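In what follows, a single structure is set out as structure tokens and then discussed.
The values are calculated or read from the model by the stated rules, or taken from the named source; none is laboratory data. Computed from a prediction, not measured in an experiment: that's the story for all the values here. Using ideal geometry, Cβ is built from the backbone for each residue, glycine included, and neighbour counts are taken over all protein chains shown.
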Amino acid sequence: MIRRTTRQAFPLPAITLAVLWVAGCPPYDPGAPPIEHPTVRFEGKPVSGTPPLTVQFTQESYTTNDAPITGWLWRFGDGAASMLPDPEHTYRDAGVYSVALTVAVPGATTTVTREDYIMVDKPTSGEGEDEDEDEGE
């Protein structure tokens with residue numbers, strides 16, 4: 001299941017605009033063309049396995065009006081996050097994880113969540129054990 005959330009930027013009080021300007025958001029311009037929300041697409045490989053499972057995430061987000069993408073926020077479902085466009089993440093515990101990617105352009109963000117996207121199975125007997133267990137004999 002994929003959830004898509006979009007947010008539209010609206011004019012804010014002057015003091016808030018001053019803060020947003022410092023953060024890199026453009027001031028409100030009533031004559032500007034409508035804000036184009038980014039289209040967010042991503043995939044991870046592999047999406048299942050035993051821990052530790054290292055997944056390479058790749059985003060394929062874009063806008064149709066060539067607005068520059070100014071930021072990414074990945075939430076991996078295990079409490080970890082990344083602001084890289086194409087991060088790698090290692091899942092250390094068995095479980096099923098939903099992954100969300102928020103993409104920002106000037107004045108708008110879009111978030112896509114892929115529910116139950118990563119499946120980390122419990123290791124079977126013998127898998128995932130330290131190889132150094134027998135040291136010191």
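At-a-glance table
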quantity: Residues of the range 53-84 that turn out to be without any contact (Cβ under 8 Å) to a residue 60 or more places away in the chain and more than 17 Å from Arg114 (Cα to Cα), as a count; calculated: 13
quantity: Residue, farthest from Asn65 (Cα to Cα), within the range 105-137, restricted to residues that are of a type outside the set (S, T, N, Q), assigned to a strand (DSSP E or B) and modelled with pLDDT of 95 or more; calculated: Val120
